[in-house]
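Working notes, structure below.
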Amino acid sequence: MDCRTARKRIEEKVDGLLPREAEGELAAHLAACPACASESEGMSAVGPMLAAFVGARAAEKAPRLDAMWTRVRAGIEERREAERRPSWIPRWAWLPAALALAVLALLFYPTGTARSPFNPRSFEVSFEDVESDTATVALVDKGEDLPRVIWIIEDGKT
Amino acid sequence: MTERGKAGVPDDELIRATLGGDEGAFRELVERYKGRAFGVAVGIVGDGDDAMDVVQDSFVKAYYKLKEFRFGANFYTWFYRLLVNQAIDRWRKSSRSSEVRFDESWLSEDASPPDSFAYPKTPEDLASSRELGDALQRAIAALPEHHRAVILLREVEGMAYEEIAKALDCSVGTVMSRLHYARGKLKEALGKHREG
């Protein structure tokens with residue numbers, strides 16, 4: 001067995017995946033190769049050391065884990081409350097507001113420029129929910145060569 | 001289902017009971033997995049208080065996502081996915097997070113074995129040496145977060161490659177290469193401590 005194969009076998013051994021028939025060959029290589037023996041020793045030490053380290057860290061806070069259910073329950077209640085609480089502005093109210101803003105934007109669109117006049121037939125407004133469930137995105141697309149307006153309304157704030 | 005009777009109840013039944021409105025059943029799941037979850041969270045975020053928040057937030061998220069759970073799958077594998085993502089998010093937002101240089105030479109099979117020296121071998125070595133604990137902590141913190149998650153799930157949780165792959169939504173090959181890299185880095189840290 002060469003060192004390269006031995007290193008693969010060492011990881012298999014650490015993971016408990018080394019076939020029984022390969023154990024003897026690996027042991028013979030490790031007995032003859034100090035570098036691979038050291039590699040094997042180091043790899044084997046990582047797992048128990050890491051488990052002990054994390055265990056010690058966890059033990060420091062273990063008494064506070066007793067209150068975990070209280071914390072989780074509080075979190076569940078808080079979210080439930082937030083979902084139950086009506087927003088002071090109903091969500092649908094943003095639709096006419098966004099439309100009104102879009103119309104205003106069109107009315108006051110600079111006229112002294114060389115741009116061609118805006119054609120209202122080509123503008124669309126669409127609303128999409130985003131991942132958070134608390135935000136609404138309004139896209140105002142006024143057609144080619146004109147800027148696209150994106151409104152993001154989150155938790156009642158624009 | 002009575003509080004006392006929940007101790008030996010399989011996870012699937014507890015999930016069904018929770019979905020049916022039995023909050024006590026979800027409490028049993030929390031009690032069952034909070035210790036293991038905390039061990040993983042503290043390993044990823046590195047701070048006990050942050051880890052407590054991560055575990056709490058993950059269970060709250062799990063409660064509201066429980067209807068998406070596919071019966072027949074392992075609850076803890078499903079839950080660990082939420083937990084690890086939550087912990088990684090917390091780590092990224094924390095001030096402890098920093099740019100980590102990814103040393104790709106560890107992924108090469110041609111990397112030469114280190115010179116021969118003795119490694120600290122036992123948890124007792126760790127208990128007796130604060131410096132060793134500090135060295136290990138620095139080495140864990142320097143791992144890219146997904147590598148950290150892989151080695152914690154493997155070495156602390158004892159999860160199989162396939163379970164880790166499911167929990168982290170990656171391939172078994174990715175799990176193996178991340179494990180190889182992370183083990184190598186931690187071994188290097190232990191070796192340097194021994195040399196120093």
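The values are calculated or read from the model by the stated rules, or taken from the named source; none is laboratory data. A quick note: this is a predicted structure, and the numbers were derived from the prediction, not measured. So basically every Cβ, Gly included, is an ideal-geometry build from the backbone, and we count neighbours across all protein chains shown.
Would you confirm whether any residue within region B:51-58 is within 21 Å of the chain's Cα centre (by Cα), among the acidic types (Asp, Glu), at pLDDT below 90 and closer than 23 Å to B:Gln137 by Cβ?
Checking region B:51-58: not a single residue is within 21 Å of the chain's Cα centre (by Cα), among the acidic types (Asp, Glu), at pLDDT below 90 and closer than 23 Å to B:Gln137 by Cβ.
Tell me yes or no: at least one residue of region A:81-90 is modelled with pLDDT under 85, facing another protein chain (nearest Cβ under 10 Å) and under 28 Å from B:Val60 (Cβ atoms).
Within region A:81-90 (the criterion being modelled with pLDDT under 85, facing another protein chain (nearest Cβ under 10 Å) and under 28 Å from B:Val60 (Cβ atoms)), the answer is yes, since at least one residue qualifies.
For region A:27-45, how many residues meet the condition of being in contact (Cβ under 8 Å) with a residue 24 or more places away in the chain and either more than 7 Å from every other protein chain (Cβ to nearest Cβ) or not small (Gly, Ala, Ser) (or both)?
Residues flagged as in contact (Cβ under 8 Å) with a residue 24 or more places away in the chain and either more than 7 Å from every other protein chain (Cβ to nearest Cβ) or not small (Gly, Ala, Ser) (or both) within region A:27-45 amount to 9.
Would you point out the residue of region A:53-77, among those that are more than 7 Å from chain B (Cβ to nearest Cβ) and modelled with pLDDT of 90 or more, that is farthest from B:Gln56 (Cα to Cα)?
Taking the candidates together, the pick is A:Glu77.
Take region B:10-31 and flag every residue that is within 25 Å of the chain's Cα centre (by Cα) and either assigned to a loop (DSSP other than H, G, I, E, B) or more than 11 Å from chain A (Cβ to nearest Cβ) (or both).
Result: B:Pro10, B:Asp11, B:Asp12, B:Leu14, B:Ile15, B:Ala25.
Filtering region B:151-183 down to residues that are surrounded by 23 or more Cβ atoms within 10 Å (Cβ to Cβ) and away from every other protein chain (no Cβ under 12 Å), which residue is farthest from B:Tyr76 (Cα to Cα)?
In this case the residue turns out to be B:Arg178.
For region A:1-92, which helices (runs of 4 or more DSSP H) that fit wholly inside it have 1 or more residues that are among the acidic types (Asp, Glu), in contact with a Cys (Cβ under 6 Å, 6 or more places away or on another chain) and crowded, with 16+ Cβ neighbours inside 10 Å?
Result: empty, no element qualifies.
Would you check which residues across region B:51-62 are in contact with a Gly (Cβ under 8 Å, 6 or more places away or on another chain) and either crowded, with 24+ Cβ neighbours inside 10 Å or not hydrophobic (A, V, I, L, M, F, W, C) (or both) and list them?
The answer is B:Gln56, B:Asp57, B:Phe59.
Among the residues of region B:3-23, is there at least one that is more than 30 Å from A:Ala52 (Cα to Cα) and surrounded by 21 or more Cβ atoms within 10 Å (Cβ to Cβ)?
yes
Name the one entry in A:Leu17, A:Leu106, A:Leu50 that is modelled with pLDDT under 90 and more than 14 Å from chain B (Cβ to nearest Cβ).
The conditions single out A:Leu106.
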